[in-house]
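The block underneath contains the structure these notes are about, expressed in structure tokens.
The values are calculated or read from the model by the stated rules, or taken from the named source; none is laboratory data. Since this is a predicted model, take the numbers as computed values, not measurements. No Cβ is skipped: glycine too gets one built from the backbone with ideal geometry, and neighbour counts run over all protein chains shown. The accessibility values were calculated without ligands, DNA or RNA, using every heavy atom of the protein model including side chains. Shrake-Rupley method; radii C 1.70, N 1.55, O 1.52, S 1.80 Å.
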There are 2 protein chains.
Amino acid sequence: MAAARPTEPFGHRFGDQGLLAQALTHRSAGAPHNERLEFLGDALLDLIIAEALYQRWPRADEGAMTRARAELVRESTLARIARGLELGPRLMLGPGEMKSGGHRRDSILSDALEAVIAAIHLDAGFDACRQAVLAWFRADLDGLEIAKVGKDAKTRLQEWLQARQRPLPVYELLGESGDDHAKTFGVRCSVSEPQVSAEGEGASRRAAEQQAAEAVLAALDKVG
Amino acid sequence: MAAARPTEPFGHRFGDQGLLAQALTHRSAGAPHNERLEFLGDALLDLIIAEALYQRWPRADEGAMTRARAELVRESTLARIARGLELGPRLMLGPGEMKSGGHRRDSILSDALEAVIAAIHLDAGFDACRQAVLAWFRADLDGLEIAKVGKDAKTRLQEWLQARQRPLPVYELLGESGDDHAKTFGVRCSVSEPQVSAEGEGASRRAAEQQAAEAVLAALDKVG
């Protein structure tokens with residue numbers, strides 16, 4: 001990344017410096033802090049990456065794009081980008097967070113980066129925001145290969161369970177509807193440890209199984 | 001809603017009619033269909049609603065905005081808006097879906113509306129897209145009151161379990177870290193039927209409990 005001039009620490013020259021200051025203010029330093037901006041920045045980032053994937057990969061289906069985006073916008077990636085932009089030293093933290101090294105913590109860096117994204121959007125509009133964000137993510141986007149975007153949900157669920165030496169999932173066909181040209185299949189995927197199950201539907205039994213496995217993975221992901 | 005002219009069925013005059021045709025083509029009618037556009041439209045809608053809430057509710061916190069958005073972008077709301085825009089009769093469906101009344105189904109209408117959102121964005125850019133979408137959602141946005149945006153997660157979880165006559169959740173304090181000015185609390189919320197648990201953290205024990213309850217609700221929501 002080319003060295004940014006001091007007035008453009010994130011590749012954008014802010015008209016409203018107050019927005020940037022708020023984006024860099026952690027809750028521990030008092031209001032106005034960056035949590036509302038983070039909410040908006042999260043949605044901006046999801047869209048900008050979705051759009052980039054849509055344009056780069058004209059033949060990728062929804063599932064591949066969803067997995068690719070999850071890969072790109074995860075906390076560890078955002079924290080790494082924040083470090084590359086030297087965001088940490090600019091953070092405003094309360095004394096407790098300061099002492100415990102909050103400006104190096106992945107979650108704080110990642111949240112603040114999302115807040116900066118929102119600040120650019122509010123300062124200069126969506127096109128300016130997209131331009132800055134794509135510059136930060138260019139190397140990660142370039143490095144992503146469609147063939148390597150994670151494995152399918154059934155494979156990932158199986159591997160997750162095997163790694164923990166737990167029983168494999170059970171897939172159960174719940175029903176079929178529609179005529180031969182446009183059948184819809186319903187499938188339930190059940191896992192016993194922890195006890196989680198979910199239903200999926202799709203144009204084939206395999207697609208329904210993948211969707212059900214994806215839902216079980218999502219539930220397992222939220223479960224501590 | 002004012003009657004749209006025939007050339008602007010969704011409040012936007014498409015330069016590229018092919019984009020609109022693709023957005024209205026269900027998978028059952030063959031490729032190119034609207035599933036990739038739906039992926040992009042989903043992200044656009046999330047952002048446009050996030051931004052509208054951010055601007056309308058300058059004092060709302062992240063949690064209230066998240067709940068308000070979930071309320072606005074759910075399938076039944078999108079399907080109702082799609083019906084108001086007379087989207088159903090314009091859909092291209094395969095013979096099976098056509099026969100089984102697919103053009104009236106909430107999921108198909110909602111997905112196609114998201115695809116139309118993406119089509120407008122690709123046709124004319126983000127500002128035109130936002131303008132069209134906000135016109136569709138204006139009445140719902142106006143009708144939403146911050147005080148009424150759902151109850152907090154602990155209350156919703158308790159009501160969910162009580163409605164099903166299941167045991168109430170158990171909240172367990174896992175630990176505290178940080179000094180008095182910026183403490184972080186960790187809490188686990190456990191539900192026994194179905195067996196689901198999740199951890200949350202926050203600046204107060206209550207905030208940590210809310211986050212854990214929210215994660216359990218998300219898991220229960222995915223579970224069939």
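When the accessible area of segment B:153-222 is split by element with a 1.4 Å probe, what percent falls to carbon and sulfur? Don't jump to the answer; show the numbers that get you there.
On the way: 1620 of 3760 Å².
C and S fraction of accessible area: 43 percent.
Might you tell me the accessible area per residue for segment B:153-222, computed with a 1.4 Å probe and given in Å²?
Dividing the accessible area of segment B:153-222 by its residue count gives 54 Å².
Evaluate the charge dipole of the protein assembly as shown about its Cα centre and quote only its size in Debye, nearest 20, assuming +1 on the Cβ of each Lys and Arg and -1 on the Cβ of each Asp and Glu.
Roughly 140 debye, rounded to the nearest 20.
What residues of segment B:141-180 lose no less than 30 Å² of accessible area with every protein chain in place versus their chain by itself (probe 1.4 Å, heavy atoms only)?
B:Asp179
Answer with one residue from A:Thr66, A:Met92, A:Leu122: the one whose Cα lies farthest towards the positive end of the charge dipole of segment A:48-153, charges on Cβ with Lys, Arg +1 and Asp, Glu -1.
A:Met92
Go through segment B:56-77 and flag every residue whose accessible area shrinks by 50 Å² or more with all protein chains in place compared to the isolated chain (probe 1.4 Å).
Going by heavy-atom accessible area, the residues of segment B:56-77 that drop by at least 50 Å² are B:Glu62.
Just to confirm my numbers, what's the Cα centroid distance between segment A:29-62 and segment B:171-224 in Å?
If you average the Cα positions of each part, the centres end up 25 Å apart.
Just tell me how shielded A:94-102 is by partners: mean number of partner chain Cβ atoms within 10 Å of each residue's Cβ, no decimals.
Partner-chain Cβ atoms within 10 Å, mean over residues of A:94-102: 4.
What percentage of the solvent-accessible surface of segment A:17-148, computed with a 1.4 Å probe over protein heavy atoms, is contributed by carbon and sulfur atoms?
49
Between A:Arg56 and B:Glu86, what is the spin-label point distance in nm, taking each point 7 Å from the Cα along the Cα→C-beta axis?
4.2
Using only alpha carbon positions, build the gyration tensor of chain B, then give the equivalent ellipsoid semi-axes as the square roots of 5 times its eigenvalues, largest first, whole angstrom. Walk me through the intermediate numbers first.
Numbers: eigenvalues 311, 91, 45 Å².
Computed over chain B, the values are 39, 21, 15 Å.
Please work out whether segment B:17-148 counts as rounded, prolate or oblate from its C-alpha gyration tensor, where a ≥ b ≥ c are the square roots of the eigenvalues and a/c under 1.5 means rounded, while otherwise a/b larger than b/c means prolate and anything else oblate? Present the calculation step by step, with values, prior to reporting the outcome.
Working: a/c = 2.52, a/b = 1.77, b/c = 1.43.
Note, shape of segment B:17-148 comes out prolate.
For the residue pair A:Gln165 and A:Ala21, what label-to-label distance in nm results when each label sits 7 Å from Cα along the Cα-to-beta-carbon direction?
Simple spin-label model gives 5.7 nm for this pair.
According to the square roots a ≥ b ≥ c of the eigenvalues of the Cα gyration tensor, what is the shape class of the protein assembly as shown, taking rounded for a/c under 1.5, prolate for a/b larger than b/c otherwise, and oblate for the remainder?
On the way: a/c = 1.57, a/b = 1.16, b/c = 1.35.
It comes out oblate by the Cα gyration axes.
Nm distances between the label at A:Pro194 and the same-position labels in the remaining copies, 7 Å along Cα→Cβ, shortest first?
From this label point to the equivalent ones elsewhere in the assembly: 1.2 nm.
If I take every Cα pair under 8 Å that is 6 or more residues apart in chain A, average their sequence separation and divide by the length, what percent do I get for the relative contact order?
Normalised by residue count, the contact order of chain A is 18 percent.
Put a label point 7 Å from Cα along the Cβ direction on B:Gly30, then list its distances to the equivalent points in the other copies in nm, shortest first.
6.7
Based on Cβ point charges of +1 for Lys and Arg and -1 for Asp and Glu, what charge dipole magnitude is obtained for segment A:114-224 about its Cα centre, in debye rounded to the nearest 20?
That gives a dipole near 360 debye.
Between A:Asp106 and B:Arg104, what is the FRET efficiency for a Förster distance of 56 Å, r being their Cβ-Cβ separation, to the nearest 0.05?
0.75
Report, in order of residue number, the helices in chain B meeting two criteria: a C-alpha extent of 24 Å or more along the helix axis, and a mean Kyte-Doolittle hydropathy of at least 0.5; treat each whole DSSP H run as one helix. Mind dumping the intermediate values first?
Numbers: long enough: B:35-56 (31 Å, 0.38); B:106-124 (27 Å, 1.02); B:126-143 (25 Å, 0.16); B:205-222 (26 Å, -0.33).
Span-like helices here: B:106-124.
Pick from B:Leu141, B:Leu93, B:Leu161: which is most flexible by mean-square fluctuation in a GNM of chain B where alpha carbon atoms under 10 Å apart are linked?
B:Leu161
Using a probe radius of 1.4 Å on protein heavy atoms only, what is the accessible area buried between chains B and A, both sides summed, to the nearest 100 Å²?
In total, this chain pair buries about 4100 Å².
If the cut-off is a Cα-Cα distance under 20 Å, which aspartates and glutamates reach A:Lys183, setting aside same-chain residues fewer than 8 apart in sequence?
A:Asp61, A:Glu62, A:Glu172, A:Glu199, A:Glu201, A:Glu209, B:Glu35, B:Glu97, B:Asp106, B:Asp111
Helix-only estimate, please: 222 nm mean residue ellipticity of chain B, summing -39500 (n - 2.57) across DSSP H runs of length 4 or more and dividing by its residues, to the nearest 500.
-17500 deg cm²/dmol
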